[in-house]
1. So what are the ³J(HN,Hα) numbers for region 129-138, from phi and the Karplus equation (6.51, -1.76, 1.60; θ = phi - 60°), rounded to whole Hz, Gly and Pro as x?
2. How far is helix 81-95 tilted, in degrees, relative to the longest principal axis of the Cα atoms in the chain, given as a value from 0 to 90 rounded to the nearest 10?
3. Have a look at Leu95, Thr60, Phe112 and report the one farthest towards the positive end of the charge dipole of region 18-141, computed about the Cα centre with Cβ charges (Lys/Arg +1, Asp/Glu -1).
4. Just in region 44-103: which chymotrypsin sites (Phe, Trp or Tyr not before Pro) are loop by DSSP and have at most 12 other Cβ atoms within 10 Å?
5. What accessible area per residue comes out for region 74-125, rounded to a whole number of Å², with a 1.4 Å probe?
6. For the Cα atoms of the chain, what angle does the longest principal axis make with the long axis of helix 3-12, in degrees from 0 to 90, nearest 10?
7. Quick query: amide H of Phe102 versus all other amide H atoms, modeled in the peptide plane; which residues come in under 5 Å with a sequence gap of 5 or more or a different chain?
8. With a 1.4 Å probe and all protein chains in place, put Phe32, Phe135, Phe112 in order of accessible area, largest first.
Amino acid sequence: MNVGKAIVTILNADSDITAIIGNTTNGTLRCFPSAMRQNAQTATYPYVIYHVVSDVPLNTKNGKSTYDYVTVQISVYHNNYTTLQLLVGHIQNALDYTSGTFNGVVVDKIFFQGASEAFDDTAGMNGIYVYNMDFQFNLNL
């Protein structure tokens, strides 16, 4: 199971998101797993980081789980608050209550769970705005 493949595929398919986020030099969306956290001093804004918070299997008596509940935190970073809010809205609209097969990952449904925002005044020259959104991905394995 690789929920990150589904996230990147869904976000990359939304022209409102790609118009704001843009792509890296190799043509992929600036959306990274938490293991590839960006250096705030040299990062190109905006970008998105996703982090799997938990993966809870639906256990059965007869074998391994074929259905998982995966909670993912998606963090959006930008040096412009107004554009950050616009991007956050597009990301929430793209993911919330979405289902389908995305890059081989079968998503039964995605549910928006909540959000919080922060400002890191130690990042970069002028600080950075961060918006954290939590989503539950119900996945068929």
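1. After applying 6.51 cos²θ - 1.76 cosθ + 1.60, I find 8, 10, 10, 9, 10, 9, 10, 9, 9, 9 Hz.
2. 20
3. Among Leu95, Thr60, Phe112, the one farthest towards the positive end of the dipole of region 18-141 is Thr60.
4. Tyr97
5. Per residue, region 74-125 has an accessible area of 54 Å².
6. Approximately 50 degrees, to the nearest ten.
7. Hits under the 5 Å cutoff: Val107.
8. Phe112, Phe32, Phe135
The values are calculated or read from the model by the stated rules, or taken from the named source; none is laboratory data. Because the structure is predicted, anything quoted here is derived from the model rather than measured. Every residue, glycine as well, gets a Cβ built from its backbone with ideal geometry; the counts of neighbours run over all protein chains shown. Please note that ligands, DNA and RNA were not included when accessible areas were found on the heavy atoms of the full protein model with its side chains. Shrake-Rupley method; radii C 1.70, N 1.55, O 1.52, S 1.80 Å.
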